[in-house]
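Colleague: Okay, handing you the structure first.
The values are calculated or read from the model by the stated rules, or taken from the named source; none is laboratory data. Quantities reported herein were computed from a predicted structural model and do not represent experimental measurements. Backbone-built Cβ (ideal geometry, glycine too); neighbour counts: all protein chains shown. Accessible surface is based on the protein model in full, side chains and every heavy atom, while ligands, DNA and RNA are left aside. Shrake-Rupley method; radii C 1.70, N 1.55, O 1.52, S 1.80 Å.
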Amino acid sequence: MSENAQALLGSWKSACTKFDITSSPSVIQLVTNLEHIAQALAQDEEARVTLGADASLWSDLGKLWRDLTRAQLTFWDVDDEETDLTSNKDEDLRTVCGSLAKFTRNLVAGVPENQARA
């Protein structure tokens with residue numbers, strides 16, 4: 001495993017372990033890591049192949065997507081009255097969704113094995 005791929009995988013695992021969807025600082029940290037990793041994956045096919053070969057990455061990725069989906073669905077269970085808290089949460093969820101989609105897109109780009117796993 002290349003040093004770059006190893007660093008990216010470590011960054012990914014750290015981001016997933018520490019992520020709490022209800023905490024804005026945690027969301028910011030995850031998004032920062034996802035953006036960094038996504039950019040690196042866009043430029044490095046070897047990193048895409050290496051990260052994609054790690055089974056734990058796919059289970060973590062699936063969990064993040066499930067958590068995000070649940071958070072989006074339960075977001076609409078609150079009162080119709082919009083507050084600053086709900087608008088901040090809505091913004092956080094949109095930001096995580098965009099970054100996670102970009103990460104996923106870059107992870108599977110040009111790697112059929114990753115496309116099948118996704």
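Colleague: In the stretch 21-47, what residues are assigned to a loop (DSSP other than H, G, I, E, B) and either out of contact with any helix residue (DSSP H, G or I) (no Cβ under 8 Å at 6 or more places or on another chain) or at pLDDT below 90 (or both)? Steps first, answer last, please.
Modeller: First, the residues of the stretch 21-47 that are assigned to a loop (DSSP other than H, G, I, E, B): 21-23, 44.
Listed by number, the residues that qualify are Ile21, Thr22, Ser23.
Colleague: Right, Thr50: part of a helix (DSSP H, G or I), modelled with pLDDT under 95, surrounded by 15 or more Cβ atoms within 10 Å (Cβ to Cβ) and of a type outside the set (A, V, I, L, M, F, W, C) or not? Give the steps one after another, and end with the answer.
Modeller: Details: part of a helix (DSSP H, G or I): yes; modelled with pLDDT under 95: yes; surrounded by 15 or more Cβ atoms within 10 Å (Cβ to Cβ): yes; of a type outside the set (A, V, I, L, M, F, W, C): yes.
So Thr50 fits the description; yes.
Colleague: What number of residues within the stretch 87-116 satisfy the criterion of being among the acidic types (Asp, Glu) and within 13 Å of Leu57 (Cβ to Cβ)? Quick ask: steps written out before the conclusion?
Modeller: We begin by selecting, within the stretch 87-116, every residue among the acidic types (Asp, Glu); these are 90-92, 113.
Add one more test, that the residue is within 13 Å of Leu57 (Cβ to Cβ), and what stays is 113.
Residues in the stretch 87-116 being among the acidic types (Asp, Glu) and within 13 Å of Leu57 (Cβ to Cβ): 1 in total.
Colleague: Every residue in the stretch 62-118 that is modelled with pLDDT of 90 or more and of a type in the set (Gly, Ala, Ser), please.
Modeller: Hits for the stretch 62-118 are Gly62, Gly98, Ser99, Ala101, Ala109, Gly110, Ala116, Ala118.
Colleague: Which condition from (1) farther than 15 Å from Asn106 by Cβ; (2) open to solvent by 10 Å² or more (accessible area, probe 1.4 Å) is the one that Asn33 breaks?
Modeller: Unmet for Asn33, out of (1) farther than 15 Å from Asn106 by Cβ; (2) open to solvent by 10 Å² or more (accessible area, probe 1.4 Å): (1).
Colleague: Scanning the stretch 1-20 for residues that are among the hydrophobic types (A, V, I, L, M, F, W, C) and part of a loop (DSSP other than H, G, I, E, B), which turns out least open to solvent (accessible area, probe 1.4 Å)? Can you show your working first?
Modeller: Going residue by residue through the stretch 1-20, those that are among the hydrophobic types (A, V, I, L, M, F, W, C) are 1, 5, 7-9, 12, 15-16, 19.
Adding the requirement that they be part of a loop (DSSP other than H, G, I, E, B) leaves 1, 19.
Working: Met1: 135, Phe19: 35 Å².
Step by step, filter the stretch 1-20, then rank; the result is Phe19.
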